Each structure stands twice: as structure tokens, then as C-alpha cells.
Amino acid sequence: MRWGMTIDLDRCNGCEACVVACRAENNVPTVGEEDCEKGRMMSWMRVERYWEGEFPDVKARFMPVLCQQCDEAPCEPVCPVYATYHSSDGLNIQVHNRCIGTRFCANACPYTARAFNWFDYKWDAPLDQQLNPEVSVRSRGMMEKCTFCVQRIRGAQIKAEDGKTTVKDGDVQPACAQSCPSEAIVFGDLDDPTSRASRMSTSGRAFRLLEDLGTKPKVIYLKPVDWNTSQEKESAS
Ligand code: SF4
């Protein structure tokens, strides 16, 4: 089993429902404008925006970016305390209570997908009532990042074991995939050739972010359908 995700950029409309769902599911604090200006944002997921073309013939493009769950993750070998390591089902795990906050992993990550917790953030009432009991509230001095909602994966695995069966395609979805109104995000086992994510990952539109670095991400993007045509137009002009 090797968990992975496809994100169809042709379907993404930049609504950021995935970002909000990720924050709610994983108890990610909102740090505010001042800390954001200091580069202390804590989001585990962001939607990058690009403009294509020149006004008035201009198009906005969106790309949700999260931990790419690399098979050859540059963050793993640099951690002096093995707080980040690879699980047998292909997840790039982050052990919060083992992290000593050196931030070597964040420096090694080419996707800026890791967030360092600078403070013990507080949730003002009534937001403190919405914290997810399945996920720990992290204290200051540790590194955090997307885990593909590992609590949901483990929950589905335990449920399947209890029922003496296995986790089937579609049984588990991270919060981002579940909340995406245009179903741009598909999650599944990349080792299963019949899973939806696996089949989408072999599309002619599939590509990986900064693929040349050799990190072998398990997040696979699908180019917008008209991307090739517009790029050709640009290079011809
Ligand atoms: S929820 Fe879906 S459509 Fe909205 S930004 Fe995220 S991936 Fe794109």
C-alpha cells in the first residue's frame, strides 16, 4: 500500500474550501496578519495563484500545495531525532512529541510544506469548542505538516480490521478531498492499479511538482486541459 493523491488543476477553482477543511480537521491555528508578515504562517495547505497572459486576455490559475509525501523525502535524512520518517504504507510521518525544533526539515523541503509552531496559540471562544479530539493540539517549538489526515487513515484501517476486511478504495478521504466542491482532489492507494487515484496518476496530463529534484512526490497534479495550447501560444508570440 502506498497512499497518494491526485489534484486536477483543471477542476480547481481556487475556492480554498480544502484549506479551511484542513485547518478545522487538524487543529491548525490562525496566526494573524502580523505573524504572517514574519513568515510564521501555520497552514498545512495553501492555494497558489498564478496569472497567465496579459490584460485583458488574462487567466487566473490555481494550484493547491501541501506536503508532497515524497518517496525520497529530503526532510527525512536531515532530522537528528527521526521525528520525520517513512511509514510502511508510504506516508511521510511527523512525530510531534519527538521533534526538538531544529527546523532542518523545513530548510530541506523544496515545497515549503512545513510549518514551525512558534507559540502556544489559543483558540478564542467559541472556536475552542470545534477542536478535533482525534488530533493533538501542538505546543510551541515543533514542526507540523500535512499527514494526509493520518488519523482518518488509521481509523479506517482499525475499522476494517475489526470487520476482518481491508480498506477499500474510497473508504478514506482526507479533509481536503472530502470538502472540495469540484472533486479536484482524489486520494487512494497508488500501488493498487484499479484505485481512482492510481488511474488518474497515469493520465497524459499528470506531472509532479519540481520533479527534476528526484524527490518522487506522491501528490500528482493533472495539468489544465488547455495548458499546453496556451503555453504553445505564448512561446509562438
Ligand atoms: S477545494 Fe477544490 S476547488 Fe477549492 S481550492 Fe481546494 S482543490 Fe481547488
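Which ones in the range 1-25 are small (Gly, Ala, Ser), outside any strand (DSSP E or B) and either more than 11 Å from the ligand (Cβ to nearest atom) or within 25 Å of Arg138 (Cα to Cα) (or both)? I'd like the intermediate steps shown before the answer.
Within the range 1-25, the first condition is being small (Gly, Ala, Ser), and the residues that meet it are 4, 14, 17, 21, 24.
Pick out the ones that are also outside any strand (DSSP E or B) and you get 14, 17, 21, 24.
Across the range 1-25, the qualifying residues are Ala17, Ala21, Ala24.
Might you check whether a residue that is in a strand (DSSP E or B), touching a strand residue (DSSP E or B) at 6+ places or on another chain (Cβ under 9 Å) and open to solvent by 20 Å² or more (accessible area, probe 1.4 Å) occurs anywhere in the range 26-47? Steps first, answer last, please.
Going through the range 26-47, the residues in a strand (DSSP E or B) turn out to be 45-47.
Retained after the next criterion (residues that are touching a strand residue (DSSP E or B) at 6+ places or on another chain (Cβ under 9 Å)): 45-47.
Imposing the further condition that a residue be open to solvent by 20 Å² or more (accessible area, probe 1.4 Å) reduces the set to 46-47.
Within the range 26-47, one or more residues are in a strand (DSSP E or B), touching a strand residue (DSSP E or B) at 6+ places or on another chain (Cβ under 9 Å) and open to solvent by 20 Å² or more (accessible area, probe 1.4 Å).
I'm told Ala106 meets every condition in (1) among the small types (Gly, Ala, Ser); (2) surrounded by 14 or more Cβ atoms within 10 Å (Cβ to Cβ); (3) part of a strand (DSSP E or B) except one. Can you identify the failing condition by its number?
Of everything listed in (1) among the small types (Gly, Ala, Ser); (2) surrounded by 14 or more Cβ atoms within 10 Å (Cβ to Cβ); (3) part of a strand (DSSP E or B), Ala106 misses just condition (3).
This table checks each residue for (1) more than 15 Å from Ala113 (Cα to Cα); (2) at pLDDT 95 or above.
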site: Thr30; (1), (2): yes, no
site: Glu33; (1), (2): yes, no
site: Gly39; (1), (2): no, no
site: Arg46; (1), (2): no, yes
site: Tyr50; (1), (2): yes, no
site: Phe55; (1), (2): yes, no
site: Phe62; (1), (2): yes, yes
site: Pro80; (1), (2): yes, yes
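Can we say Cys79 is of a type in the set (A, V, I, L, M, F, W, C), under 16 Å from the mean Cα position of the chain (by Cα), surrounded by 16 or more Cβ atoms within 10 Å (Cβ to Cβ) and not in a strand (DSSP E or B)? So that I can check it myself, show each step before the final result.
Working: of a type in the set (A, V, I, L, M, F, W, C): yes; under 16 Å from the mean Cα position of the chain (by Cα): no; surrounded by 16 or more Cβ atoms within 10 Å (Cβ to Cβ): yes; not in a strand (DSSP E or B): yes.
When the stated conditions are applied, Cys79 does not pass them.
List every residue pair whose Cβ atoms lie under 7 Å apart, where the two residues are 6 or more positions apart in sequence or sit on different chains, the first residue falls within the range 1-12 and is under 25 Å from Tyr50 (Cα atoms), and the second residue, located anywhere, is assigned to a loop (DSSP other than H, G, I, E, B) and within 11 Å of the ligand (Cβ to nearest atom).
Ile7/Ala184; Asp8/Ala184; Arg11/Ser182; Arg11/Glu183; Arg11/Ala184; Cys12/Ser182; Cys12/Ala184
The values are calculated or read from the model by the stated rules, or taken from the named source; none is laboratory data. Keep in mind that this is a model prediction, so the values were computed, not measured. Neighbour counts run over all protein chains shown; Cβ positions are idealised from the backbone, glycine included. Remember, those area values only see protein heavy atoms, side chains included, never the ligands or the DNA or RNA. Shrake-Rupley method; radii C 1.70, N 1.55, O 1.52, S 1.80 Å.
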